[in-house]
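Heads up, the thing below is written out as structure tokens.
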Amino acid sequence: MAKLSVVAPFFNEQDVAAHFCVLLEKLASDILERFDLQLETVLVDDGSTDASARTFANNLTGDWKIVQLSRNFGKEVAILAGLENATGNLVMLMDADLQHSADTALEMIAAILSDPGIDVVHAVRADGRTGWKRTQAARLFYRLINISQRFDIPENSGDFRIMRRPVVDALVRLRDKRRFNKGLYAWAGFRQRAIPYRPVERAGGATKWSRLNLVALSIEGFTSFSVVPLRIVSGIGLLIALAGMLYGAKIVFEVLFTGVAVPGFPSLIVAVVVLGGFNLALVGLVGEYVWAALSEAKDRPIYLVREVIQPETKVKTTRRPTRRETSH
Ligand code: UDP
Ligand code: MG
């Protein structure tokens with residue numbers, strides 16, 4: 001019987017863990033009945049410091065494992081760990097906070113099973129984002145990052161997707177250390193189909209993405225997928241240099257033909273400040289790319305696993321040593 005692996009990373013999700021296990025159990029029985037598929041659950045504990053791993057271990061049923069990373073590596077890397085540990089012919093990525101509904105999941109499974117010509121079905125948010133500023137920022141981001149690429153990173157499409165085995169193998173082969181998954185999915189290509197969905201409200205807990213995190217992820221996206229920022233800045237630099245030369249020519253002309261003494265303390269200051277600021281910004285930008293290159297060049301593993309929790313090791317994790325046992 002074909003197997004579907006559901007891969008879900010989690011980071012401090014104790015409030016929703018039990019609910020997610022219920023969703024998985026329901027999903028397992030639905031897909032067995034409707035599609036004759038077996039379900040395997042691969043959760044990745046992305047360095048949780050609360051009781052989520054224990055709660056998951058106590059509530060999961062069927063074929064499951066929890067890959068516990070040695071610390072928080074971020075969702076992008078946690079997904080790689082999940083993909084590497086999934087054994088199904090089909091692999092579905094889901095969030096553990098119940099924002100990705102079982103109904104949409106079933107719809108995606110039905111879509112991929114009904115068409116052998118499709119390798120990936122991904123869910124696209126039908127409602128867009130919340131907040132005008134965020135929407136505009138996202139739109140600008142995608143417009144810039146998609147300039148002059150042979151592949152397009154779609155807006156409003158995230159990790160909620162189902163993939164055939166060859167796609168999963170391809171993603172695992174991409175050894176980027178700074179992982180920007182949306183870019184990797186697009187880079188990998190294959191035949192993709194989008195279906196619309198509406199994310200559900202979080203069942204509990206809070207989102208792990210602050211505005212600063214999003215900015216950091218965008219920078220990672222650019223530095224691993226686009227040279228456009230560098231080109232824009234070099235373009236501006238050239239324009240400024242050109243303007244400077246024209247201004248210089250004008251001064252030479254005035255001195256030679258009209259005899260005007262060189263006025264221009266203010267223009268000097270403006271030029272110095274503008275060029276100085278521009279240079280600093282450029283150095284910072286180049287630094288981002290150098291840092292990106294350095295991160296890839298260091299031969300560190302992308303993540304470390306502390307332990308793989310499976311049904312038989314469950315007992316070990318449910319009891320923690322008391323304070324008296326640990327202090328000698
Ligand atoms: N997550 C993770 N590592 C992190 C941050 C988040 O594994 O460093 C998980 C989180 O537990 C959830 C999923 O990634 O299952 C999506 O995160 P979240 O709900 O915070 O993001 P949002 O839905 O707001 O985009
Ligand atoms: Mg969420």
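The values are calculated or read from the model by the stated rules, or taken from the named source; none is laboratory data. Predicted model only: the values in this text are computed from it and were never measured. Cβ atoms come from the backbone with ideal geometry, glycine included; neighbour counts cover every protein chain shown. Side chains are part of the model used for accessible areas, which takes the heavy atoms of the whole protein and leaves out ligands, DNA and RNA. Shrake-Rupley method; radii C 1.70, N 1.55, O 1.52, S 1.80 Å.
Can you tell me which residue among 65, 75 is open to solvent by 30 Å² or more (accessible area, probe 1.4 Å) and within 16 Å of ligand 2 (Cβ to nearest atom)? Walk me through how you get there before you give the answer.
Working: 65 fails: within 16 Å of ligand 2 (Cβ to nearest atom).
Going through 65, 75 in turn, just one is open to solvent by 30 Å² or more (accessible area, probe 1.4 Å) and within 16 Å of ligand 2 (Cβ to nearest atom): 75.
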Inset, instruction - Tell me which residues, restricted to segment 86-127, are of a type in the set (S, T, N, Q) and within 16 Å of ligand 2 (Cβ to nearest atom). - result: 99, 101, 104
Inset, instruction - Look through 180, 222, 265, 278 and report the one residue that is open to solvent by 60 Å² or more (accessible area, probe 1.4 Å) and aromatic (Phe, Trp, Tyr). - result: 265
Legend entry - Selection within segment 281-318 - modelled with pLDDT of 85 or more, within 30 Å of residue 239 (Cβ to Cβ), open to solvent by 60 Å² or more (accessible area, probe 1.4 Å) and more than 23 Å from the chain's Cα centre (by Cα): 283
Inset, instruction - Working only within segment 29-39, note down all residues that are open to solvent by 10 Å² or more (accessible area, probe 1.4 Å) and more than 13 Å from residue 94 (Cβ to Cβ). - result: 29, 30, 32, 33, 34, 35, 36, 38
Inset, instruction - Take residue 134 and decide whether it is within 14 Å of ligand 1 (Cβ to nearest atom), among the charged types (D, E, K, R), under 17 Å from the mean Cα position of the chain (by Cα) and more than 24 Å from residue 192 (Cβ to Cβ). - result: yes
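With respect to residue 58, is the statement that it is in a loop (DSSP other than H, G, I, E, B) and either more than 13 Å from ligand 1 (Cβ to nearest atom) or open to solvent by 10 Å² or more (accessible area, probe 1.4 Å) (or both) true? Talk me through it step by step, then tell me what you get.
On the way: in a loop (DSSP other than H, G, I, E, B): no; either more than 13 Å from ligand 1 (Cβ to nearest atom) or open to solvent by 10 Å² or more (accessible area, probe 1.4 Å) (or both): yes.
Spelling it out, it is not the case that residue 58 is in a loop (DSSP other than H, G, I, E, B) and either more than 13 Å from ligand 1 (Cβ to nearest atom) or open to solvent by 10 Å² or more (accessible area, probe 1.4 Å) (or both).
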Legend entry - Candidate set from segment 199-247 (those that are touching a helix residue (DSSP H, G or I) at 6+ places or on another chain (Cβ under 8 Å) and of a type in the set (D, E, K, R)); member that is nearest to ligand 1 (Cβ to nearest atom): 208
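So which of 160, 151 is out of contact with any Ser or Thr (no Cβ under 6 Å at 6 or more places or on another chain) and in a loop (DSSP other than H, G, I, E, B)?
Numbers: 160 fails: in a loop (DSSP other than H, G, I, E, B).
Within the list 160, 151, the selection yields 151.
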